[in-house]
Amino acid sequence: MSLRVLVVDDEPPARERLKQLLAELPDTELAGEAGSGEEALAVAAEARPDVVLLDIRMPGMGGLEAARHLASLTDPPAVVFTTAYEQHALEAFDAQASGYLLKPIRRERLASALERLRRPTRAQRTVTTEPGKARTHVTARVRDQLKLIPVRDVLCFVAEQKYTTVRHVAGEDLIEDSLRSLEREFPDEFIRVHRNALVAIEKIESLDREPDGRYAVRLRHGGGTLQVSRRLAAEVLRRLR
């Protein structure tokens, strides 16, 4: 079974080293390369690699967060983390990686890691982030592509049937995250105003009292208004004060 491998590292010499090693291994081909977590997601969605060799420590989106987004692809690749920092081994194991390689990467170790993935188990293709570590982006699937939405641009999350609508400064998209999981992940940035709505605290323009005594939050950037439920009104008032 030939493995198609995507190489991701922000340092060009490190990418070249991995590409050279892959060229020496039988039944292995280069599916592409990327210099950042964001670029890796775009390339992976297009190239559909079997394995991603993913650097943990990169500017912007790091490898651990990129791995979580990769797991949301229709056919997620196995992830083998690479890093020059031995202390990151524990993070890689916490993220349930399919493998972990310490730089400088030796041919024998790379070959061994890839050989284990020629018949990957379901567990090897399941990647999560560290417990308690919030993402910088949420992911929407648009046809076969992944769309990254910066959390700082989100106005609100609204639950609608099986999906969640994320309204952001550039429009709105559907994501698969539940409101409950989003509330746990971003407790300081978002507040629940209704059983089906989370609002970004910094994107609230005003809290308005309506004639019937109920409250509504008005969002910036033309995000409209959302009703505050009576049950949550006291907590919303407390947080916004």
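The values are calculated or read from the model by the stated rules, or taken from the named source; none is laboratory data. Keep in mind the model is a prediction, meaning the values are calculated, not measured. Methodologically, a virtual Cβ is constructed for each residue, glycine included, from the backbone with ideal geometry; neighbour enumeration extends over all protein chains shown.
Points to keep in mind about this one:
- Which listed residue, of Ala97, Ala89, is modelled with pLDDT under 90 and either assigned to a strand (DSSP E or B) or closer than 25 Å to Ala47 by Cα (or both): Ala97
- Pair list, Cβ under 8 Å, 6 or more apart: region 157-181 residue free of Cβ contacts under 8 Å to residues at least 24 places away in the same chain, other residue among the acidic types (Asp, Glu) and in a strand (DSSP E or B): Thr165/Glu172; Thr165/Asp173
- The lone exception for Arg180 - which of (1) buried (at least 17 other Cβ atoms within 10 Å of the Cβ); (2) outside any strand (DSSP E or B); (3) of a type outside the set (S, T, N, Q) it fails: (1)
- Candidates Arg167, Arg218, Arg241, Arg209 - the one that is farther than 20 Å from Glu38 by Cα and out of contact with any strand residue (DSSP E or B) (no Cβ under 9 Å at 6 or more places or on another chain): Arg241
- Screening Leu226, Leu237 for residues that are closer than 22 Å to Pro187 by Cβ and either part of a strand (DSSP E or B) or polar (S, T, N, Q) (or both) leaves exactly one candidate, Leu226.
- Residue list for region 135-156, filter: outside the structural domain of Asn196 (by TED's automatic domain parsing), free of Cβ contacts under 8 Å to residues at least 40 places away in the same chain and of a type in the set (Asp, Glu): none
- The criterion of at least 1 residues that are at pLDDT below 85 and of a type in the set (A, V, I, L, M, F, W, C) is met, among strands (runs of 3 or more DSSP E) falling completely within region 102-171, by 137-142, 145-150.
- Residues of region 55-71 that are within 14 Å of the chain's Cα centre (by Cα) and either part of a helix (DSSP H, G or I) or surrounded by 17 or more Cβ atoms within 10 Å (Cβ to Cβ) (or both): Ile56, Met61, Gly62, Gly63, Leu64, Glu65, Ala66, Ala67, Arg68, His69, Leu70, Ala71.
- Of all residues in region 205-223, those being surrounded by 11 or more Cβ atoms within 10 Å (Cβ to Cβ), part of a loop (DSSP other than H, G, I, E, B) and either of a type in the set (Gly, Ala, Ser) or not assigned by TED's automatic domain parsing to the domain that holds Gly171 (or both) number 1.
- Tally of residues being closer than 22 Å to Gln161 by Cβ, under 24 Å from the mean Cα position of the chain (by Cα) and of a type in the set (Val, Ile, Thr) across region 187-241: 1
For every residue, the table says whether it meets (1) free of Cβ contacts under 8 Å to residues at least 60 places away in the same chain; (2) within 20 Å of Thr139 (Cβ to Cβ).
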| site | (1), (2) |
| --- | --- |
| Val5 | no, no |
| Leu30 | yes, no |
| Val79 | yes, yes |
| Thr82 | no, no |
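- Residue ID - modelled with the highest pLDDT, chosen from residues in region 1-32 that are polar (S, T, N, Q) and outside any strand (DSSP E or B): Gln20
- Screening Glu202 against (1) outside any strand (DSSP E or B); (2) surrounded by 13 or more Cβ atoms within 10 Å (Cβ to Cβ); (3) modelled with pLDDT of 95 or more leaves a single unmet condition, (2).
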